[in-house]
Amino acid sequence: MAKLGWILFLIMTAIASALAYKFIISGDTELAPDGRTTILFEDSERTFFLTEMRNFLIAVQQITDGIEKDDMTQIANAAKKVGSGDLAHVPAGIMAKLPLATKKMGLSTHKAFDQMAMDAESLGDKDHSLSQLNQILSTCTACHALYRVH
Ligand code: HEC
């Protein structure tokens with residue numbers, strides 16, 4: 001009887017681990033022909049996700065323009081728009097499908113924009129903003145190298 005208990009315990013642990021892997025670590029994904037991982041969204045989720053992405057690019061453009069013009073207010077405002085306040089609007093379905101690594105990279109990108117907005121206001125140093133933007137861009141390209149959407 002004790003043996004059966006152990007077998008059941010091991011089976012339950014295996015199932016729980018598989019579920020945890022699926023829902024927390026891997027998300028809803030498959031391997032793409034180009035070697036990247038495809039995140040399998042519904043149409044509306046993909047539209048939402050790609051709109052957020054284009055907002056990132058708009059922010060990058062606005063920030064670069066602000067740096068060139070030495071306009072710290074423009075830099076702060078553009079960074080704030082894609083800061084972590086943005087995360088409140090992300091539908092739960094998207095969060096569930098994102099692999100853990102993308103959630104981490106996405107969160108750190110939003111937080112880096114928060115920091116950029118705060119520093120632009122408090123330090124007023126465009127060279128510092130440029131170096132922050134440079135760091136953020138390396139996260140953008142790192143994620144794009146590993147993931148795509150369907
Ligand atoms: C957490 C991962 C991740 C991060 C971080 C990330 N992206 Fe993306 N982005 C993606 C994925 C996945 C796609 C879809 C690519 C594909 O299917 O080929 C994408 C697509 C895009 C697109 C295309 C949008 C469209 O309508 O097709 C743009 C523009 C973009 N990202 C800009 C950015 C910029 C700028 C940053 C950094 C500020 C960034 N992304 C950060 C994952 C990320």
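The values are calculated or read from the model by the stated rules, or taken from the named source; none is laboratory data. For clarity, every value in this text was computed on a predicted model and none was experimentally measured. Heads up, the Cβs are rebuilt from the backbone with ideal geometry, glycines too, and the neighbour counts pull from every protein chain shown. Note: accessible area is taken over every heavy atom of the protein model, side chains too, but ligands, DNA and RNA are not part of it. Shrake-Rupley method; radii C 1.70, N 1.55, O 1.52, S 1.80 Å.
Quick check for me: using +1 on Lys/Arg Cβ and -1 on Asp/Glu Cβ, what's the dipole size of the range 72-115 about its Cα centre, in debye to the nearest 20? Don't jump to the answer; show the numbers that get you there.
Working: 6 positive and 2 negative charges, 22 e Å.
Roughly 100 debye, rounded to the nearest 20.
All other residues whose Cβ lies under 13 angstrom from that of ARG36 are scored, Lys and Arg at +1 and Asp and Glu at -1, for a net of -1. Built from the Cα atoms of the chain, the convex hull projects on average onto 11.8 nm², one quarter of its surface area.
Within the set of other residues whose C-beta is less than 9 Å from the C-beta of ASN55, count the net charge using Lys and Arg as +1 and Asp and Glu as -1. Each step should come with its number before you reach the end.
Details: positive: ARG54, LYS81; negative: GLU52, ASP86.
With Lys, Arg at +1 and Asp, Glu at -1, the neighbours total 0.
Which listed residue (LEU130, ALA145, GLY83) has the Cα farthest towards the positive end of the charge dipole for the chain, taking +1 on Lys and Arg C-beta and -1 on Asp and Glu C-beta about the Cα centre? Value: ALA145.
Here the relative contact order of the chain, from alpha carbon pairs under 8 Å that lie six or more residues apart, stands at 32 percent. Average accessible surface for the range 1-86: 68 Å² per residue, computed with a 1.4 Å probe over protein heavy atoms with every protein chain in place.
Any chance you could run the full-extension gain for SER17 through ARG36? It's 0.36 nm times the residue separation minus the Cα-Cα distance, nm to one decimal. Write down the numbers at each step before the final one.
Details: separation 19, 0.36 × 19 = 6.84 nm, distance 2.43 nm.
Computed gain between SER17 and ARG36 is 4.4 nm.
As a check on your grasp of the helix formula, calculate [θ] at 222 nm for the chain: sum -39500 (n - 2.57) over DSSP H runs of n ≥ 4, divide by the residue count, round to the nearest 500.
Numbers: 6 runs with 107 residues, N = 150.
Taken over the chain, the calculation gives -24000 deg cm²/dmol.
By the Cα gyration tensor, the range 1-59 has an equivalent ellipsoid whose semi-axes, rounded to whole angstrom, run 40, 13, 9 from largest to smallest. For the range 29-117, just say rounded, prolate or oblate: build the C-alpha gyration tensor, square-root its eigenvalues into a ≥ b ≥ c, call rounded for a/c under 1.5, and beyond that prolate if a/b exceeds b/c, oblate if not. Note, shape of the range 29-117 comes out prolate. Here is what passes the span test in the chain: the DSSP H helices with alpha carbon length of 20 Å or more along the helix axis and a Kyte-Doolittle mean of 1.0 or above are 2-20.
Tally Lys/Arg at +1 and Asp/Glu at -1 over every other residue whose Cβ is under 12 Å from the Cβ of MET95; what's the total? It works out to a net charge of 0.
Nonpolar atom fraction for the range 1-132, defined as the carbon and sulfur part of the 1.4 Å probe accessible area, stands at 66 percent. Taken along the Cα-to-beta-carbon direction at a fixed 7 Å, the label points for ASP43 and GLN74 span 3.8 nm.
Between the residues ALA96, ALA14, THR109, the greatest Cα displacement towards the positive end of the dipole of the chain, with unit charges on the Cβ of Lys, Arg, Asp and Glu, is found for ALA14. The order of the peptides 57-69, 3-15 by mean Cβ neighbours within 10 Å, most packed first, is 57-69, 3-15.
Only four residue types carry charge here, +1 at the Cβ of Lys and Arg and -1 at the Cβ of Asp and Glu. Report the dipole size of the chain about the Cα centre in Debye, rounded to the nearest 20. Could you put the intermediate results ahead of the total?
Details: 14 positive and 17 negative charges, 158 e Å.
Value, rounded to 20: 760 debye.
With the simple model of a label 7 Å out from the Cα in the direction of the Cβ, LEU87 to LEU146 spans 1.7 nm.
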